Each structure stands twice: as C-alpha cells, then as structure tokens.
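Only one structure is covered here, and it is reproduced in the block below.
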Amino acid sequence: MTDASNAGPPPPDVVPGGIRDIATGVFVIPDNRVPLVPNIGIVVGKDAALVVDTGMGPANGRKILDAAKRVAGSRRLILTVTHFHPEHGFGAQVFKGAARIFYNRAQREELTAKGEGYLGMFRGFGPGVAAALEGTTIVMPDEVYDGASTEIDLGGRKVELRTWGLAHTAGDQVVWLPAERILFTGDLAEERIFPIFPWFPPNDADLDAARWAEILTELDGWHPQIVVPGHGSIGGPEILRAVRDYMMELGRRVAAERKAGKDADKIVAELAPRIRAEHPDWDAPEWIDFAIRYYASLG
Ligand SMILES: [Zn+2]
C-alpha cells in the first residue's frame, strides 16, 4: 500500500472481466496489483471445478462465484483457500451451499481462533476495505483434510492440495496441478511485493520464516512451469527464489545487527530504508518493518 493518505488503500475489488486462461481449463482472475486483492484460480475438470480463493467480502465472493459458474457450466463446484486471511477467504459465505468448501484442518482451526479478530483489524484499514467487508460472516468449511496433502479428481484432471503447517500462517496451502506443472502459492510467494509477514504479537505470532523459506525451496524442486503467486504477476519458479532469497538475506542481516547489540527499533530505523532502496520496483514496503521485527524477535 503505497497510499499514505488517511483514506487507506483503494477498494479491494476483484475484476472478473480480467479472467484469462493460463492453460486449457485453468483460469486466473488477476489481482491487477491492487492491494488486498489476490490472484484467484478456477481449475476446471470434466466433472467439477475448483475455485482457489474468494477475494474479500461477500460482494467480491459473489463475483468470483458467478465467474466460476460461467466457466464451470453445470459442473459441481469446490472451493478451497490458500490461507485464512480475509482477502483470500472472507468471501466464502456466498459459496455456502453452492460449492463444497474444503480446507485443511489447520486452516479451519486458525479461522476459528482468529477470524473475527482479523475481520475487526481489516475493518480498520480504511473505508474502502471496510465497505468490502460489510456483511461478512465467517463460515466454516464443509469438510477438512488431515495430514500434509490430499488429491482432488476434477474428472480427467488431478489437483493436489499440500500444506506444511506453520509458515506464513498456521495453515498455508498450495494448489498444484502435477500434469500441467502449475502452482498456486497463496501468500507463500508474491511477485515484486515485499513478503507479507503477519507478525502482530501478541494477537498473532504464528509465523515461521525459516520453515517458510524451506517450503519455497521444496516448491522450486517441483519444477513448476507456471507460478501463480498470492499477489503480483504470474511467472515461473524465479518468483519462489526471489521471495526465499529476500527472506534469508534479511534474516541474516537482522541477526548480525542483533549480535551487534541493536534493538528492533534501531534496526528498523537503519535497515528498512536500505532494504526499500534495494528493491525499488517492489510494492508494499510497509511489510519490511514487520519482517525486521519478526527476525529481531528470534534473538
Ligand atoms: Zn494475501
């Protein structure tokens, strides 16, 4: 969010008219680099279509459901989300009854524990965001899976859902199309956007950046052809490496400053402007401070 005015970020409106196919039957509604709008996926098989993320609030969710119905026709719909954060999953209420809502168990637990708190926090992000969230109710999935992964057969098309537990959130999940080598990362990876470190202690301190970086290395090892990041432009595995390298380098630099006896405030004051300058074409620099404070908390 580069807008420093009191009006907050622009309305986080999804634009379904921007839908495009990245492979046969695999659609993305791009975020257009608008803050708090995610890249949304719709994967269509012979029998069913999987929607990946909803956008924020019921009006956005409605637009995504309508877009999914347009490309899915009479196929049954399944909804999953990449993590519980509002811009990814807080449009799920309109899918209730229209789609089978399917998450991993940790996502449901995290949504139960933190959903209302995040709703309140995001309503404070300015009138555009508050308007998008008007009428939002938090709904639980119809079904969850246990363990690290599960497979969905959409009819002639297999999709894998994979989670690792605590990383960027407690229940991050990627969506992987093994035949097409297409990867939807959620906010484990964003493209030319400073990684979102949701480091809000004491309300939310569920973050493990070392694990997160390991996951990005693992995902790179899957050799994806197309990477759809949580936010930003679609690309290839270089997106994963850029995020990982940023995090590991920042972690090293903060650790060195801590070792030199500096506290978090001093490190933020000195290091954040340098980090910003080193990535002149990256958006959302407000996340640099959160990342520094997270790494400073490690000791
Ligand atoms: Zn996001």
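The values are calculated or read from the model by the stated rules, or taken from the named source; none is laboratory data. On a predicted model such as this, the values are computed, not experimentally measured, just so you know. Note: ideal-geometry Cβ built from the backbone for every residue, glycine included; neighbour counts use all protein chains shown. With ligands, DNA and RNA removed, areas are computed over all heavy atoms of the protein, side chains included. Shrake-Rupley method; radii C 1.70, N 1.55, O 1.52, S 1.80 Å.
Packing order of peptides 46-56, 161-171, highest average first: 46-56, 161-171 (average count of other Cβ atoms within 10 Å over each peptide's residues). The convex hull built on the alpha-carbon positions of the range 66-223 has an orientation-averaged projected area of 10.3 nm². Calculated over the range 8-72, the projected area of the Cα convex hull averaged across directions stands at 4.2 nm².
Grab the beta carbon distance between Ala260 and Arg181, set R0 = 45 Å, and tell me the FRET efficiency rounded to 0.05. Could you put the intermediate results ahead of the total?
Working: r = 44 Å, r/R0 = 0.97.
According to the calculation, E is roughly 0.55.
The relative contact order of the chain comes to 15 percent, based on Cα pairs under 8 Å that sit 6 or more residues apart.
Across all Cα pairs in the range 1-125, the calculated P(r) in 5 Å bins from zero up to the longest distance comes to 2, 11, 21, 23, 19, 13, 7, 3, 1, 0 percent per bin. Measuring spread by the Cα atoms of the chain yields a radius of gyration and Dmax of 18.5, 63 Å.
Extents of the range 35-82, taken as max minus min of Cα coordinates on every principal axis and listed largest first, are 34, 19, 12 Å.
How much accessible area per residue does the chain have, counting only protein heavy atoms and a probe of 1.4 Å, in square angstrom? Numbers along the way, then the final one.
Details: 11820 Å² over 299 residues.
For the chain, the per-residue accessible area is 40 Å².
Within the range 9-32, list the residues whose amide N lies under 18 Å from a label point set 7 Å along Cα→Cβ of Gln225. Those under the cut-off are 20-28.
Geometric descriptor of the range 187-262, per residue, is 95 Å³ (volume of the convex hull of the Cα atoms).
Dipole of the range 78-160, Cα-centred, from +1 at each Lys and Arg C-beta and -1 at each Asp and Glu C-beta, to the nearest 20 debye? Walk me through the intermediate numbers first.
Details: 8 positive and 11 negative charges, 30 e Å.
In debye, rounded to 20, the range 78-160 gives about 140.
For the chain, carbon and sulfur atoms together expose 52% of the accessible surface, with a 1.4 angstrom probe and every protein chain in place. Listed values for the range 15-24 are Karplus-derived 3J(HN,Hα) couplings in whole Hz (6.51 cos²θ - 1.76 cosθ + 1.60, θ = phi - 60°), namely 10, x, x, x, 4, 9, 8, 9, 7, 4, and x replaces Gly and Pro.
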